[in-house]
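The values are calculated or read from the model by the stated rules, or taken from the named source; none is laboratory data. Remember, predicted model here, so these are calculated numbers, not experimental data. Using ideal geometry, Cβ is built from the backbone for each residue, glycine included, and neighbour counts are taken over all protein chains shown. Keep in mind that these areas ignore ligands, DNA and RNA; they rest on the heavy atoms of the full protein, side chains included. Shrake-Rupley method; radii C 1.70, N 1.55, O 1.52, S 1.80 Å.
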Amino acid sequence: MSSPSTVTLRHKLVEQLRVTVGGLPSTYWVLWVGTLVNRLGGFVVPFLAIYLTRERGLTEERAGFVVALFGAGSMLSSLVGGMLADRFGRRIALVLGLWLASGGMLFLGFSEQLLWLRIAAFTAGLLGDLYRPAVSAAVADVVAPNDRVRAYGLLYWVVNVGFAIALPLGGFVAQGGFLLLFVGDALTTFIYGCVVWFKVPETSPQFTPSRSLLPSAVPFKDKTFLAFWVPNFMVALIFFQGHTALALDLIARGLRTTEYGTIMAVNGVLIVLLQPIMARLVTRWRRSSVLAAGAVFTGLGFGLHALSATVPLAMLAVAVWTVGEILGATVSSSVVADLASPQLRGSYQGVFSMSWGVASCLAPALGGTVLGRFGSTTLWGGCLLTGLLAGAWNLAAADARRRHLEQLRLQHGGVSANVD
């Protein structure tokens, strides 16, 4: 027979679980499960620079340029994907994007010559992120405004559950041949598309098919949105050094691919452990303060990589910038959802995702060049300064965004539990 204290603890755990995951619609949970399946096979991007230098014999600068082409494709992909989600519906954009992304990953995995590697990297990036704006827009479609921070937080959390598993698994699989990484990534992406095809209905409340295939210009004219976009881009520019320059630096300083995988797994593990707790805490704070703190922690964490390449210190540095990542990611998508009208949710989320695409395009080339010509101390010191500047920018833009959001809420009769 259970003791009163055990029953009380059980009731508390059930209540915490209800507060964390309760009340979200079934369509959201289908997207959540599909995202988990997809991310479990997300092997390639973190190991792409190592693959290009070790397996294809490219120099650091050439490898950085190829990875930058992947980012260039990703940048355009977000715009096109957002347009598809608004003009033709979330479901079509999701299925088309995921299945094309699967083919693009196989194209990259089977390319060998430098020219084909460049073409394939751009193609894989272009196709790989078509689905992302549609996912974010669909979440805004089906989840009430008061629950969006929680919903986006859980989606971000499950991405990193997959990431925490995929990275060390990818490091292990790479020992038997890098091609397996590309095949596994393509397979899980294709399965996600199948899940959407059979289980996800159209969620857009007001989409109007159009013959135009040009992305909407409205987000680019929204000064309040752009004032949010720029510091997010700066943080993303720092973050993507962890996918390319950090791998090259740690490997060059004597660490093995398995050690790199273990170091980077700290990121996913901490997100799995801390994000649900932090998601509840940040709802009590102004989102501008959360964004500013996220930028500072991200810059500080990457700055710590200048001190040493030992496994323990590298893990500490990853832990610090992971806190920054959690803070920023927990509230960013909800800010975008609040700023966008229902018929332009895909476009706004696409332009927001483009900040990550632009960063993934520029960061490898920039990081590889700085690392090759000036050394790691200059690179990681620059990351620290960039994070501090982005944090100050978020605080400076807060008042204008707060006034703008209040105007939108009055115009549309919306209510949000989040303050900016």
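Computed quantities for the displayed model
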{"read-out": "More than 26 Å apart - percent of Cα-Cα pairs taken over the stretch 284-420", "value": "33 percent"}
{"read-out": "Farthest positive-ward along the chain dipole, Cα basis, beta-carbon charges - from Val296, Pro201, Pro25", "value": "Pro25"}
{"read-out": "Mean separation of Cα contacts under 8 Å (6+ apart) over length of the stretch 214-365, as relative contact order %", "value": "36 percent"}
{"read-out": "Accessible area expressed per residue, the stretch 255-333, with surrounding protein chains retained (probe 1.4 Å, Å²)", "value": "35 Å²"}
{"read-out": "Cα shape, the stretch 112-156, gyration tensor, a/c 1.5 rule", "value": "prolate"}
{"read-out": "Neighbour cut-off at most 11 other Cβ (10 Å), DSSP loop, GluC sites (Glu not before Pro), the stretch 54-125", "value": "Glu112"}
{"read-out": "Student exercise, the chain dipole from Lys, Arg, Asp, Glu Cβ charges, in Debye to nearest 20", "value": "640 debye"}
{"read-out": "For Kirkwood radius over Cα pairs in Å, calculated from these coordinates, the label among (1) 25.9; (2) 21.6; (3) 23.1", "value": "(2)"}
{"read-out": "Local electrostatic count, Trp157, Cβ distance below 13 Å [Lys/Arg +1, Asp/Glu -1]", "value": "+2"}
{"read-out": "Amide proton proximity set for Asp420, modelled H, under 5 Å, gap of 5+", "value": "Arg287"}
{"read-out": "Listed residue (Ala396, Ala319, Leu274) projecting farthest to the positive dipole end of the stretch 270-420, Cβ model", "value": "Ala396"}
{"read-out": "Proximal charge balance of Leu274 [Cβ under 13 Å; K/R count +1, D/E count -1]", "value": "0"}
{"read-out": "GNM result for the chain, Cα springs below 10 Å: residue of Asn38, Asn146, Asn160 fluctuating most strongly", "value": "Asn146"}
{"read-out": "Dipole magnitude of the stretch 243-375 about its Cα centre (Cβ charges: Lys, Arg +1; Asp, Glu -1), debye to nearest 20", "value": "200 debye"}
{"read-out": "Among Val161, Thr59, Gly128 the positive-end extreme of the charge dipole of the chain (Cβ point charges)", "value": "Val161"}
{"read-out": "Whole-angstrom gap from the stretch 115-181 to the stretch 52-96, using each part's C-alpha centre", "value": "12 Å"}
{"read-out": "Accessible area (Å², 1.4 Å probe, nearest 10) - Phe88", "value": "70 Å²"}
{"read-out": "Computed [θ] at 222 nm, deg cm²/dmol, the chain (DSSP H ≥ 4; -39,500 (n - 2.57); rounded to nearest 500)", "value": "-27000 deg cm²/dmol"}
{"read-out": "Where trypsin sites (Lys or Arg not before Pro) fall in DSSP loop in the stretch 265-367, at most 12 other Cβ within 10 Å", "value": "Arg284"}
{"read-out": "Cα centre as origin, Lys/Arg/Asp/Glu Cβ charges: the stretch 179-300 dipole, Debye", "value": "440 debye"}
